[in-house]
Every structure is written in structure tokens, then in C-alpha cells.
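J.: I have a structure here, written as C-alpha cells, and I will follow up with some questions on it.
Please treat every number below as a calculation from the coordinates, not as lab data. Keep in mind that what you see is a predicted model, and the values were worked out from it rather than measured. Using ideal geometry, Cβ is built from the backbone for each residue, glycine included, and neighbour counts are taken over all protein chains shown.
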Amino acid sequence: MARPPYVDPNTNIIYDCDNPEYQGYLTKQSMWLKDWRRRYVMLKGSKLFFCKNEYGAPHGMIDLASCTTVKSADLKSKKRHSFEISTPETTFLLYADTEQEKDDWIGRVGKAIVRCSSTYHGQNNKQQQQQQRQQQPGPYGQMQGQHFGGMDDDSDDDDIYYEDPNNPNPYFND
């Protein structure tokens, strides 16, 4: 059975909510009345959708691309297994039924926030940094960005430095 899509009331953009990456029940604090309401929550890409039950149409959404943090919030909310999702404008408080569920949600939402951040900001920042380096001379007269081995500045892990325990200083062989 297909779930009805979510229609953003601000933009009229229609979001497909079928096949979420992660889903389950959380209790969310309402924005206006500050009471706690149990909601079925679905994580799909960079969006977190809220439904009244697992079969209902989504009636709310958090765009994780605008979020800055997700972290534990037991003290702040005075609820066990709680966490907060923060944007520059507001903070959403939620709690799970168990500590394990809370940790799972924090991990998955955190990864989604990082994915949004690295794809949105990462590409632009990387291009700007490369352009700036190509316009500035390096310490030995070559243009920065034109390097000859060593650590590169991209975000992949292909330049992880390995230290040989038998040779503590690989640049100087005795």
C-alpha cells in the first residue's frame, strides 16, 4: 500500500514518502502547545517526515539540510531517551522508547545532516579553495594545488598516512 505524499505547505513541493531509509515511532514535542505527541517518523534522504500513525499521510517535515546538530537532550527535555534536532531558527525535541532507538535515530539523522552538509557546502567550498590555491604561489614558487605527492586536500581517504613501526621516520633512512 503506497503512502500518500507530503505536500510542503510553504512551497507546494510534493515529496514521495515511500520506502524510507529508517522509520519508527518517536514522541515529539509540539511547537506551539509544548505537549508531547507520539508520531510515526520516517527518514528519507535529507527529510524527516511525521505522521499520526504508520499508515497515515505525513503532516510535517524537517529538512535536515538546514539542520546544524542532533544530540542527546535528556536534561533539556526532562525525558528519558530524548534528543534534539537543531536548525538556526528552532530546535525540535523528540524521545524514543529505548536508549538504543535514541542512539539509532541520532546516528542516522546525524549521517543525513553530514551528507547534506558535505554535498551542499562541500562542493562549493572545495571549488573555491581550489580556485584560490591556483591563484596563489606556493612556498617554493610552484602554484599551490599543483603538488608532487604527499597528502592531498580532497575529502576521500586515499591519503591516510601509514606509519611503519619499524621505521619511525620514513623520510630519513639510516
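J.: From the list TYR95, TYR55, which residue is out of contact with any Cys (no Cβ under 6 Å at 6 or more places or on another chain) and farther than 15 Å from SER30 by Cα?
T.: Details: TYR95 fails: farther than 15 Å from SER30 by Cα.
When all the criteria are applied, what remains is TYR55.
J.: Just give me the residues in segment 15-48 being without any contact (Cβ under 8 Å) to a residue 40 or more places away in the chain and acidic (Asp, Glu), in sequence order.
T.: ASP16, ASP18, ASP35
J.: Also, quick follow-up: Looking at segment 102-113, which of its residues are without any contact (Cβ under 8 Å) to a residue 12 or more places away in the chain and either surrounded by 13 or more Cβ atoms within 10 Å (Cβ to Cβ) or under 13 Å from THR27 (Cα atoms) (or both)?
T.: ASP103, LYS111
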